[in-house]
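**Q** Quick one: the structure is below, questions incoming.
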Amino acid sequence: MRNIFNILFIAAAVLFAACSNDAYDTGDGALSAMRADFGEVWTDAGACMAGIETDGGERLELTAPVKVSWMEKADTVYRALLYYKKVADGGGRAVAEPLGLAQVLVPKVVPVGDMEGEMKTDPVTFVSLWAGANGKYLNLELLVKTGQADGETGRQTIGIVCDSIVAAPDSHRRVHLSLYHDQNGVPEYYSTEAYVSIPVAGLPVSPTAGDEVVVRLNTYDGPVARTFAF
């Protein structure tokens with residue numbers, strides 16, 4: 001199937017190996033509490049993560065660049081959930097001290113007519129659906145079963161398929177999306193968090209026209225549908 005990511009699911013929070021060891025005066029106080037923000041993180045010329053622009057619109061550099069295995073390209077923007085402390089550097093400027101990171105998938109929405117092969121709807125556990133503060137993404141939080149066979153954790157496939165676009169009599173549109181999930185024979189020993197962000201810019205909806213997006217997915221308790229109204 002085209003335009004759908006293959007992903008090796010791992011624990012949400014990971015430890016970092018620093019690309020550099022610049023010293024900062026982090027101090028204590030109100031800025032030192034841990035935060036967790038979805039946003040767009042960018043890499044520097046050495047392909048190390050260097051900063052984040054949160055969905056709330058705040059842009060922060062990191063206290064020191066960090067190397068992340070799935071961020072392979074230099075000078076590139078990735079989607080992520082960053083755990084960090086907001087601290088002050090030596091000049092009193094606010095920066096982010098990274099503590100952990102979760103990859104967020106941003107699959108391109110694939111029209112059902114463009115699919116190659118059959119639709120896969122292996123079950124997941126639905127947690128929540130919400131819109132990012134800047135309106136750029138609809139976010140899905142899922143729990144996915146995973147495990148190891150023969151000492152290796154297999155890869156699963158996840159993505160978003162557009163089933164149909166229905167025009168209502170009042171000219172509003174309802175876009176029907178389905179979660180594509182191929183367990184691919186991976187053992188279902190334990191659950192791990194997975195995050196998917198659906199770019200609103202890739203959907204035929206108008207945030208000002210009262211359009212709706214319906215997201216359907218198959219869960220261990222049966223089919224689930226959630227509607228988001230703009």
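The values are calculated or read from the model by the stated rules, or taken from the named source; none is laboratory data. Remember, predicted model here, so these are calculated numbers, not experimental data. Because the Cβ atoms are built from the backbone with ideal geometry, glycine has one as well, and the counts that use them run over all protein chains shown. Calculation scope for accessible area: heavy atoms of the full protein, side chains included, ligands and nucleic acids excluded. Shrake-Rupley method; radii C 1.70, N 1.55, O 1.52, S 1.80 Å.
**Q** Please compute the contact order of segment 45-109 in relative form: average sequence separation of alpha-carbon pairs under 8 Å and at least six residues apart, divided by the residue count, as a percent.
**A** Numbers: 96 pairs, mean separation 19.3, N = 65.
30 percent.
**Q** In addition: May I ask you to evaluate 6.51 cos²θ - 1.76 cosθ + 1.60, the Karplus curve with θ = phi - 60°, for each residue of segment 179-194 and list the ³J(HN,Hα) values in order in whole Hz, giving x for glycine and proline?
**A** Per-residue couplings from phi come out as 7, 8, 9, 10, 5, 6, x, 5, x, 9, 7, 8, 9, 9, 6, 9 Hz.
**Q** Taking the Cα centre of segment 63-214 as origin, work out the dipole magnitude from +1 charges on Lys and Arg Cβ and -1 charges on Asp and Glu Cβ, in debye rounded to 20.
**A** Numbers: 13 positive and 18 negative charges, 127 e Å.
In total the dipole reaches around 620 debye.
**Q** Hey, another quick one. Please give the FRET efficiency for residue 58 paired with residue 191, using the beta carbon to beta carbon distance and R0 = 35 Å, rounded to the nearest 0.05.
**A** Values: r = 31 Å, r/R0 = 0.89.
After rounding, the FRET efficiency stands at 0.65.
**Q** Okay, moving on. Under 17 Å from a point 7 Å along the Cα-to-Cβ line of residue 216: which residues of segment 111-142 have their amide N that close?
**A** 111-115, 118-124, 126
**Q** While we're looking at this one, here's another question. Between residue 201 and residue 67, what is the spin-label point distance in nm, taking each point 7 Å from the Cα along the Cα→C-beta axis?
**A** 3.1
**Q** If a/c stays under 1.5 just call it rounded; otherwise compare a/b with b/c (prolate if a/b is bigger, oblate if not). Do that for segment 72-230, with a ≥ b ≥ c from the square roots of the Cα gyration tensor eigenvalues. Spell out each step's value before the answer.
**A** On the way: a/c = 2.10, a/b = 1.15, b/c = 1.83.
Note, shape of segment 72-230 comes out oblate.
**Q** Follow-up. Quick one: compute the contact order of segment 155-198, relative version, from alpha carbon pairs under 8 angstrom and 6+ residues apart, as a percent. If you can, show how the numbers build up before the last one.
**A** On the way: 50 pairs, mean separation 18.3, N = 44.
42 percent.
**Q** Then there is this: Based on the Cβ-Cβ distance of residue 118 and residue 34, what FRET efficiency does E = 1/(1 + (r/R0)^6) give at R0 = 41 Å, to the nearest 0.05? Each step should come with its number before you reach the end.
**A** Working: r = 43 Å, r/R0 = 1.05.
Efficiency computed from Cβ-Cβ geometry: 0.40.
**Q** How large is the translational diffusion coefficient of segment 32-81 in µm² per second when you combine the Kirkwood radius over alpha carbon pairs with Stokes-Einstein at 37 °C and 0.692 mPa s?
**A** Details: Rh = 11.0 Å.
The Stokes-Einstein estimate is 299 µm²/s.
**Q** If you plug each phi of segment 107-119 into the Karplus form 6.51 cos²θ - 1.76 cosθ + 1.60 with θ = phi - 60°, what whole-Hz ³J(HN,Hα) values come out, in order, with x for Gly and Pro?
**A** Couplings: x, 5, 6, 9, x, 4, x, 9, 5, 10, x, 7, 6 Hz.
**Q** Further question on the same structure: At a 1.4 Å probe radius, carbon and sulfur cover how many percent of the accessible area of segment 167-214? Don't skip to the answer; put the middle values down first.
**A** Numbers: 1090 of 2220 Å².
Carbon and sulfur: 49 percent of the exposed surface of segment 167-214.
**Q** State in Å² the accessible area per residue of segment 124-222; use a 1.4 Å probe, count heavy atoms of protein chains only, and round to the nearest integer.
**A** On the way: 4500 Å² over 99 residues.
On a per-residue basis, segment 124-222 sits at 45 Å².
**Q** Which distance in nm do the two modelled labels at residue 164 and residue 209 give, with both placed 7 Å along the Cα-to-Cβ direction?
**A** 1.9
**Q** Sticking with this structure for a sec: Among 181-190, 45-54, how do they line up from the highest to the lowest mean number of other beta-carbon atoms within 10 Å? Could you put the intermediate results ahead of the total?
**A** Values: 181-190: 15.0, 45-54: 17.8.
Descending packing order for the listed peptides: 45-54, 181-190.
**Q** At a 1.4 Å probe radius, carbon and sulfur cover how many percent of the accessible area of segment 69-133? Walk me through the intermediate numbers first.
**A** Numbers: 1500 of 3110 Å².
So the carbon and sulfur contribution to the accessible surface is 48 percent.
**Q** Loop only by DSSP, 14 or fewer other Cβ within 10 Å of the Cβ. Give me the chymotrypsin sites (Phe, Trp or Tyr not before Pro) in segment 26-110 that pass, ordered by residue number. Numbers along the way, then the final one.
**A** On the way: sites: 38, 42, 70, 78, 83, 84; in loops: 70.
For chymotrypsin sites (Phe, Trp or Tyr not before Pro) across segment 26-110 that sit outside H, G, I, E and B with at most 14 neighbouring Cβ atoms in 10 Å, the list reads 70.
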